[in-house]
Amino acid sequence: MRNFRKRVKMIGVAILSLLIAALVFPTWTSSIKGETSISMLEQVEINGSRQEMMIRGKDRHNPVIIFVHGGPGCSEIPYAAKYQDLLEERFTVVNYDQRGSGKSYHFFEDYSNLSSDLLVDDLLAITDYISERLGKEKVILIGHSYGTYIAMQAAHKAPEKYEAYVGIGQMGDTVQSEIDGLNYVFTQAKQAGNADDLLELEGFANQIQNGDAFTPRYYVMKYGGASRLIDNPDGNNLDTLLSSEYNLLDVIRYNYGLSLSQKVLLEEVLEHPLPSLVTKLEIPCYFIMGKYDYMTSTNAAKTYFDSMDADSKEFIAYEQSAHYPQFEEKEKFYQWMTETFIN
């Protein structure tokens, strides 16, 4: 019995040691060969808050892209390098965790003032930091999903900082988008004969149609309105933990930040949809949508696009993708980026 207790104690100590090691294990982003390459993961103080950035590219002199992640609260750092390897050949790519998200969530920081306006100000400050660090007068600004809500306001506020704006999974009128999503998943559930799903969706219908709720993302993902050619990359704790950029503490911070960000920021999206905030851009504007996107519906994005005034604008639909066309059809996206901004 004594030996058994001793063995159990040793196993417990070993498990505790592994957990502690996983919590504090150093994080990094993989190196890129070349004398002028850049590959770094760093934390920079922006407007009084420490925010995590990942900067990667084969040649730091290449055009610079700043990616603004979605969610709110869904960092793309843990999986971005997997999908942007082609882009890194011709561009220097900057990903950052927004204030209160992922590695930029800090347990003892005061987030009582968290708002989209603050995230816009952070993005403008990050743009200045990156432009100075990499010696660029202007950068290419790309927003994804909720990131378009932040990025488009920044481009509107300070067009002189940006070469162009690219909205992927572009947000439009929120209520229209959510009704489109509800109709899609309802149709899919009906065709599949899933009576339980139909019953639950009917319970959300009035709230969604009145602009008081979002179509449950579980159902959008279940019926192919989020991703089709890849697994949905957001919120996969195991894959995030297995990435070199995140350790166990970062995964915990990700989940706390996700809860905080969605609770605080999604209400703004319903009350102040993007078309009511930005009606004109003084730089080239591109919307890239997946045909099957029902996280931010392609229909709502096209309606917004048609109403917008821009220096020049183009709406591009990817026929095989849903909410992640830049990842689902990454070769096509890379070709478009090079033809548009380099060739």
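The values are calculated or read from the model by the stated rules, or taken from the named source; none is laboratory data. Every value quoted in this text rests on a predicted model; they were computed, and no experiment measured them. Counting neighbours? That spans all protein chains shown, and the Cβs are built from the backbone with ideal geometry, glycine included. Accessible surface areas use protein heavy atoms only, side chains included; no ligands, DNA or RNA. Shrake-Rupley method; radii C 1.70, N 1.55, O 1.52, S 1.80 Å.
Name every residue in region 230-257 that is closer than 20 Å to M295 by Cβ, open to solvent by 40 Å² or more (accessible area, probe 1.4 Å) and outside any loop (DSSP other than H, G, I, E, B), in order of residue number. N237, D239, N255 - these are the residues of region 230-257 that are closer than 20 Å to M295 by Cβ, open to solvent by 40 Å² or more (accessible area, probe 1.4 Å) and outside any loop (DSSP other than H, G, I, E, B). Contact annotation: residue pairs with Cβ atoms under 6 Å, 6 or more positions apart or on different chains, pairing a residue in region 231-249 that is in contact (Cβ under 8 Å) with a residue 12 or more places away in the chain and of a type in the set (S, T, Y) with a partner that is open to solvent by less than 40 Å² (accessible area, probe 1.4 Å) and not in a helix (DSSP H, G or I), are T240/Y246. M40 - would you say it is open to solvent by 10 Å² or more (accessible area, probe 1.4 Å) and either in contact (Cβ under 8 Å) with a residue 40 or more places away in the chain or in a strand (DSSP E or B) (or both)? Yes, satisfied. Annotation note: of F305, F287, the sole residue that is of a type outside the set (G, A, S), buried (at least 19 other Cβ atoms within 10 Å of the Cβ), touching a Phe, Trp or Tyr at 6+ places or on another chain (Cβ under 7 Å) and assigned to a helix (DSSP H, G or I) is F305.
Let's see how each residue does on (1) part of a helix (DSSP H, G or I); (2) under 22 Å from L265 (Cβ atoms); (3) among the hydroxyl-bearing types (S, T, Y):
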position: A164; (1), (2), (3): no, no, no
position: K190; (1), (2), (3): yes, no, no
position: G225; (1), (2), (3): no, yes, no
position: R228; (1), (2), (3): no, no, no
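The number of residues in region 305-319 being touching a residue at least 24 places away in the same chain (Cβ under 8 Å) and farther than 19 Å from P159 by Cβ comes to 5. Looking only at residues in region 200-223 that are aromatic (F, W, Y) and assigned to a loop (DSSP other than H, G, I, E, B), the one that is farthest from the chain's Cα centre (by Cα) is Y223.
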